[in-house]
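What follows is one structure encoded as structure tokens, with my remarks underneath.
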Amino acid sequence: MDTTVTAPRAEVLRDRYRSRLPERLRELTGPVEGTVDLPSHIVWSGRTSYSLDRPKSRMTLYRTVLAEGQSEDMVALLHHRLLVEQWPVLRRLVSPSIREVWEDAFPELLRTAPADTAAA
């Protein structure tokens, strides 16, 4: 009988996302305009090119990088100002694990969320 105790899946995911966080939001110095082409280790099929000038495209890019990117991808592809501006909507599009990890690490993101969704 295996007596190894495994962590619940949600905690494993939170640990994985926590390990990818920058120390400070200001470290996110990615582009704020133009087109971003994601590398294959982030998006391995389907759409790979996103326009930062189109809100839906930008939101999809950020959602994808938050879910699949490594720490160096966060810094290179995300911009702190755009993340904060989009967070009130973006927080509802990402998984609960991603949302919890980012909001725990960066309380300033919670201040951008509408009062009725901050606890959601």
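The values are calculated or read from the model by the stated rules, or taken from the named source; none is laboratory data. Predicted model only: the values in this text are computed from it and were never measured. Cβ coordinates were reconstructed from backbone atoms using ideal geometry, including for glycine residues, and neighbour counts include every protein chain displayed. Remember, those area values only see protein heavy atoms, side chains included, never the ligands or the DNA or RNA. Shrake-Rupley method; radii C 1.70, N 1.55, O 1.52, S 1.80 Å.
Condition (residue is under 21 Å from Glu11 (Cα atoms), touching a helix residue (DSSP H, G or I) at 6+ places or on another chain (Cβ under 6 Å), crowded, with 17+ Cβ neighbours inside 10 Å and among the hydroxyl-bearing types (Ser, Thr, Tyr)) applied to the stretch 52-69: is it met by at least one residue? The answer is no, given that none of the residues of the stretch 52-69 is under 21 Å from Glu11 (Cα atoms), touching a helix residue (DSSP H, G or I) at 6+ places or on another chain (Cβ under 6 Å), crowded, with 17+ Cβ neighbours inside 10 Å and among the hydroxyl-bearing types (Ser, Thr, Tyr). Would you confirm whether or not the stretch 21-31 contains a residue that is closer than 17 Å to Ser95 by Cβ and among the aliphatic types (A, V, I, L, M)? Yes: one or more hits. Here Ser45, Ser40, Ser95, Ser19 are screened, and the one residue that is open to solvent by 70 Å² or more (accessible area, probe 1.4 Å), of a type in the set (Gly, Ala, Ser) and in contact (Cβ under 8 Å) with a residue 40 or more places away in the chain is Ser19.
Take the conditions (1) modelled with pLDDT of 95 or more; (2) more than 17 Å from Asp104 (Cβ to Cβ); (3) open to solvent by 60 Å² or more (accessible area, probe 1.4 Å); Arg24 misses just one of them, which is (2). For the stretch 43-57, the condition of being within 11 Å of the chain's Cα centre (by Cα) and among the β-branched types (Val, Ile, Thr) holds for none of the residues. The set of residues in the stretch 75-89 being open to solvent by less than 30 Å² (accessible area, probe 1.4 Å) and aliphatic (A, V, I, L, M) consists of Leu77, Leu78, Leu82, Leu83. Considering only residues in the stretch 103-113 that are in contact with a helix residue (DSSP H, G or I) (Cβ under 6 Å, 6 or more places away or on another chain) and either open to solvent by 40 Å² or more (accessible area, probe 1.4 Å) or not in a loop (DSSP other than H, G, I, E, B) (or both), the one that is modelled with the lowest pLDDT turns out to be Thr112. Within the stretch 39-51, the only residue that satisfies the criterion of being in contact with a Leu (Cβ under 7 Å, 6 or more places away or on another chain) and assigned to a loop (DSSP other than H, G, I, E, B) is Thr48. Condition check: part of a loop (DSSP other than H, G, I, E, B) and at negative phi. Does Pro88 satisfy that? Judged against the criteria, Pro88 is not a match. Residue check: is Glu72 open to solvent by 40 Å² or more (accessible area, probe 1.4 Å), at pLDDT below 95 and part of a helix (DSSP H, G or I)? It is false that Glu72 is open to solvent by 40 Å² or more (accessible area, probe 1.4 Å), at pLDDT below 95 and part of a helix (DSSP H, G or I).
Against the numbered list (1) at pLDDT below 95; (2) part of a loop (DSSP other than H, G, I, E, B), Tyr17 comes up short only at (2).
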